[in-house]
Amino acid sequence: MKIAAVLLASAALTLIAPGGVNAQTAAARADTVDPSLPTQLPRTAIPHHYAITFTPHAQRLTFDGKVGIDLDVIKATRELVLNAADLKITTATLRTVAGGTSLTARVSIDGDAQTATFIFPRSITRGAYHLDLTYSGKINTQANGLFALDYKNKESKAARSLFTQFEAADARRFVPSFDEPDYKATFDLIARVPANEMAVSNMPAAATRNIGGLKEVRFETTPMMSSYLLFFASGDFERVTKRAAGREVGIVTSRGNGAKAQFALNAEAQILPYYNDYFGTPYPLPKLDNVGGPGQSQFFGAMENWGAIFTFDYAILDDPAITTEAGRQDIFVVEAHEMAHQWFGDLVTMAWWDDLWLNEGFASWMETKATQHFHPDWEPDIDRVGSREGAMGLDSLNSTHPVVQQVRTVEQANQAFDSIAYSKGESVISMLEDFAGPDVWRDGIRRYIAAHKYQNSRTTDLWSAVESAGARGLTTVATDFTTQPGIPLITVGSSQCVNGGTAVTLTQAQFSADRKQQVAARPLAWHVPVKASAGGATVQVVTAGPTTQLLVPGCGVLLINPGQYGYYRTLYTPQQEAALAARFPQLAGMDQYGLISNALALSLAGYQPMQPGLDLLSAMPPHGSAKVVQRAVGRWDDLYDRMEGDKAAQAAIAGRVTRSLGPRLRELGFQPKPGEPAGDATLRPTLIATLGKYRDPQVMTEATRLFAAWLKDPNAIPGSLKSTWLGVIARNADAATWDSIHSRAEATTGTVERSSLYQLLGRSKDEALARRALELALTSEPGKTVSAGLITAVAGQHPRLGIDFVLAHLSQVNQLIDISGRSSFMQRLAGASRDAALIPVLENYAKANLAESDRKPIQRAVDRIRFESSQLPRIRSETAAWLAAHPVG
Ligand SMILES: [Zn+2]
């Protein structure tokens, strides 16, 4: 799909000064509406300011509100249509800004369209108006609109805090509004909350007063922004702050968690000046908070509300009782992601959800870049390759879609938050930055931000900015990779040494997991920047036709895609692959992991036998980069699961991993060491978990010992390894063990630790215990936002059991999931399955429960299972043969 032609630098609402008063006439503003932009509202009016006053009634789970909206009517009309969902509107009046009598409107609600139509007694002419509404709404118990999270406070008493979550289309559950991203406006928010609570919004409080026993907090006016970025929270909070780059940065948490927030606060303070410099436009708001919430969602972990990021506790609190080293690193990464959105998303916003990747691909790329800058020892460049592999997993299936995609319904907007938008987006940007050069790319980004700040933009605006900064030819490459789905396949011909260089022919086609024949007959074509090295300098060409001749300096081992920036698969000759396996320990970590993943993907999809993939995987040196070892172990474990039922093959894999990496685990030790390298701290739990899964005797003995000690003393296992050691026990639990973990979960008050323990109850291999976990999820005990994660954990071990249970209790389970996450939940439950018998179950579920336009997540699950199950017999027999031919020791 190609997007409609773009009005360069003149997206909707460009004429309104940020934060200022709209001085434009209605006639002038009508010209700023981009008619090619999708919308679900008639283009008859444009808002420019909202003044919202509201009172939440937390215990009753309702709120009352009133809003005054300054808007321009741009086309004469008898009615105004705004978005509203689950709101009861009691009064509606309209008056001209110039004065004159008010018109009272009749209100008509359309629940399916999520709109409120205000019908006036006579036609309204073009001009500036003020619309006043009074209304009431619901406080939800999942993260949509205004929602409540319940938890046990520091004194172990039941407590409730309120938060908002509006992306993609849930501001309309809080205030009747023009709830689409290109309707940018300024917002005044006044909240009346209990006097002992703290209230937080995008802007600092301007004034506070007591009114009828409540505290009324008036926040400063926001700059021009999209409705999905508005935020409010109130509760028994504490706030820790720091100064950074002339701004106040803060972390807001439930009272008592201030110390656990220091790691996130330091990250925030460290990242802000770095981004100010990178983007060339300083962070524009007076403060930046990140607000922690005690709960979870099936849809998101954190949200970039402008000036007031929201993050669930597990991704913001560094809790010595439970946070792993990987979890701690994630706190930094999540902070880096949401802060990047303060520019890419908040200051400059995609005009419509088709371009969601401009937000998400960019923030994903930037989180890796910032992490590489501050924490190169965490090896984020290998995570970048992992991100590419995650994207390719989806992008190799028939049901994939282009990065720039077509979104027409609210549900499609929710579904757009997938690994194509995030991870393919990130991978394509990495490739383009490498193609442009980092300085030219950054210069282009600075131009883009400066040209579109406080406005909306489209994908092509970004390409124009980077080309104008000097990246010649970038638009051609970028357009191919963002408007077409799928993955290029570069086939390498046999190479020859000619005058000190390696001569080789590259042939371009398309890689597909489930449609090899069809794409071989009619492949898509891309301009692909291909890099190659052969012991001398690295060369780059942009392949345009079906074949490209290449002369690579040097006659060493030929490596295509060194650095792994390219978004394509590479099919080598067997000789070239063997030469790479022989040189493997000398390659950079990211190339090692890139080669393993590339070769295995080609083997699993049947482009080559399993043997080259397994040869490269087994070439991984056990003392190589911690992160590559971690990921290589993951690949062995994936093969282990595919060999289910073949005891000899599973024993061979377990023996191979144990023999190769057992010694490394013994060197690392079973306990964390003070001041050890981050790589050691993240590799240890991976090795414990995997060797525990293979029932390595030493690991099992230690797990049993630690579990017994933990039952007596909850601090007997170091927090950073608690979920790992307990995970080994939970997987092999009997009923008595399961009961002990259960009673400990019930007694735990720390929100992150508590939900981790409940999830462990879903990890048992034993089917009877898995059923007990599912039954437990339907009770009120785990907590409203914890239960869905428990069901997901069960489905990780027993996909069919989990899915059958959910189908049997669908309406109850739906109450446990945010509205935005519902249609993707079933796809997640099916994620671990290779069972073709599940296909009709999933298809029937989709037909019965989802509109035809909203079935994409299920189609992806079906495509994946169909592909996996069709290849499984071949993969199993070839893998078993390889294992038998390569005995260990
Ligand atoms: Zn994001």
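Please go through region 341-381 and pick out each residue that is polar (S, T, N, Q), more than 14 Å from the ligand (Cβ to nearest atom) and open to solvent by 10 Å² or more (accessible area, probe 1.4 Å). Result: GLN372, single match.
Within region 115-125, track down each residue that is open to solvent by 20 Å² or more (accessible area, probe 1.4 Å) and either at pLDDT below 95 or out of contact with any Asp or Glu (no Cβ under 8 Å at 6 or more places or on another chain) (or both). Result: PRO121, ARG122, SER123, THR125. Within region 338-357, the set of residues being under 13 Å from VAL404 (Cβ atoms) and under 13 Å from the mean Cα position of the chain (by Cα) comprises LEU356, TRP357. Note on region 752-812: enclosed helices (runs of 4 or more DSSP H) holding 2 or more residues that are among the basic types (Lys, Arg) are 767-777. For region 219-238, the condition holds for at least one residue, the condition being that it is in contact with a helix residue (DSSP H, G or I) (Cβ under 9 Å, 6 or more places away or on another chain) and open to solvent by 10 Å² or more (accessible area, probe 1.4 Å).
Applying the condition of being outside any strand (DSSP E or B) and farther than 22 Å from GLU248 by Cβ to region 294-312 and asking which residue is most open to solvent (accessible area, probe 1.4 Å) yields PHE299. Applying the condition of being touching a residue at least 40 places away in the same chain (Cβ under 8 Å) and under 32 Å from the mean Cα position of the chain (by Cα) to region 89-135 and asking which residue is nearest to ASP64 (Cα to Cα) yields ALA116. On the stretch given as region 505-530, residues that are farther than 29 Å from SER399 by Cα and in contact with a helix residue (DSSP H, G or I) (Cβ under 9 Å, 6 or more places away or on another chain) total 0. Among the residues making up region 199-218, those that are crowded, with 20+ Cβ neighbours inside 10 Å and among the hydrophobic types (A, V, I, L, M, F, W, C) are ALA199, VAL200, MET203, VAL217.
For (1) open to solvent by less than 10 Å² (accessible area, probe 1.4 Å); (2) touching a helix residue (DSSP H, G or I) at 6+ places or on another chain (Cβ under 6 Å); (3) within 16 Å of the ligand (Cβ to nearest atom), each residue gets a yes or a no:
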position: ALA264; (1), (2), (3): yes, yes, no
position: PRO273; (1), (2), (3): no, no, no
position: TYR278; (1), (2), (3): no, no, no
position: LEU285; (1), (2), (3): yes, no, no
position: ASP318; (1), (2), (3): no, yes, no
position: ALA321; (1), (2), (3): no, yes, no
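Exactly one residue out of TYR567, TYR572 is at pLDDT 95 or above, of a type outside the set (A, V, I, L, M) and either loosely packed, with under 15 Cβ neighbours inside 10 Å or within 25 Å of THR482 (Cβ to Cβ) (or both): that is TYR567. Farther than 16 Å from TYR694 by Cα and either modelled with pLDDT under 95 or of a type outside the set (Lys, Arg) (or both): does that describe ALA651? No, not satisfied.
Listed by position, the strands (runs of 3 or more DSSP E) enclosed by region 45-139 that each have at least 2 residues that are within 20 Å of TYR228 (Cβ to Cβ) are 45-57, 62-73, 77-83, 115-124, 127-138. Among the residues making up region 689-730, those that are under 14 Å from LEU760 (Cα atoms) and free of Cβ contacts under 8 Å to residues at least 40 places away in the same chain are ALA689, PHE707, TRP725, LEU726, GLY727, ILE729, ALA730.
Of all residue pairs spaced 6 or more apart or on separate chains, those with beta-carbon atoms under 8 Å, a first member in region 354-369 that is under 13 Å from GLN342 (Cβ atoms) and a second member that is more than 10 Å from the ligand (Cβ to nearest atom) and outside any helix (DSSP H, G or I) are ASN359/THR349; ASN359/MET350.
Check region 152-167 and report whether any residue there is assigned to a strand (DSSP E or B), open to solvent by less than 10 Å² (accessible area, probe 1.4 Å), at pLDDT 95 or above and hydrophobic (A, V, I, L, M, F, W, C). There is at least one residue in region 152-167 that is assigned to a strand (DSSP E or B), open to solvent by less than 10 Å² (accessible area, probe 1.4 Å), at pLDDT 95 or above and hydrophobic (A, V, I, L, M, F, W, C). Does THR491 count as touching a residue at least 12 places away in the same chain (Cβ under 8 Å) and either under 24 Å from SER427 (Cα atoms) or among the hydrophobic types (A, V, I, L, M, F, W, C) (or both)? In short, yes. So, GLY327, is that one within 19 Å of GLY566 (Cα to Cα), open to solvent by 10 Å² or more (accessible area, probe 1.4 Å) and more than 15 Å from the ligand (Cβ to nearest atom) or not? Judged against the criteria, GLY327 is not a match. Is there a residue being outside any helix (DSSP H, G or I) and under 30 Å from the mean Cα position of the chain (by Cα) anywhere in region 657-674? Within region 657-674 (the criterion being outside any helix (DSSP H, G or I) and under 30 Å from the mean Cα position of the chain (by Cα)), the answer is yes, since at least one residue qualifies.
Assess whether ASN290 counts as being at pLDDT 95 or above and either within 16 Å of the ligand (Cβ to nearest atom) or open to solvent by less than 10 Å² (accessible area, probe 1.4 Å) (or both). When the stated conditions are applied, ASN290 passes them.
Inclusion of GLN59 among residues that are in contact (Cβ under 8 Å) with a residue 60 or more places away in the chain and surrounded by fewer than 15 Cβ atoms within 10 Å (Cβ to Cβ) is warranted. In region 191-203, the residues that are assigned to a loop (DSSP other than H, G, I, E, B) form Cβ pairs under 6 Å with partners that are of a type in the set (A, V, I, L, M), at six or more places apart or across chains, as follows: ASN202/ALA308. In region 328-343, the residue that is nearest to THR409 (Cα to Cα) out of those that are without any contact (Cβ under 8 Å) to a residue 60 or more places away in the chain and not acidic (Asp, Glu) is HIS341.
Every residue, every condition in (1) open to solvent by less than 10 Å² (accessible area, probe 1.4 Å); (2) part of a helix (DSSP H, G or I); (3) in contact (Cβ under 8 Å) with a residue 24 or more places away in the chain, yes or no:
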position	(1), (2), (3)
PRO485	no, no, yes
THR505	no, no, yes
GLN508	no, no, yes
GLN518	no, yes, no
LYS531	no, no, yes
GLY535	no, no, no
GLY545	no, no, yes
GLN549	no, no, yes
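When PHE584 is tested against (1) farther than 24 Å from PRO663 by Cβ; (2) modelled with pLDDT of 95 or more; (3) not basic (Lys, Arg), only condition (1) is not met. Filtering region 397-413 to residues that are among the hydroxyl-bearing types (Ser, Thr, Tyr) and crowded, with 19+ Cβ neighbours inside 10 Å leaves only THR400.
The values are calculated or read from the model by the stated rules, or taken from the named source; none is laboratory data. Worth saying up front: this structure is predicted, and the values here are computed from it rather than measured. As a convention, Cβ positions derive from the backbone with ideal geometry for all residues, glycine included, and neighbour counts pool all protein chains shown. Just so you know, the surface numbers come from the protein's heavy atoms only, side chains and all, with ligands and any DNA or RNA stripped out. Shrake-Rupley method; radii C 1.70, N 1.55, O 1.52, S 1.80 Å.
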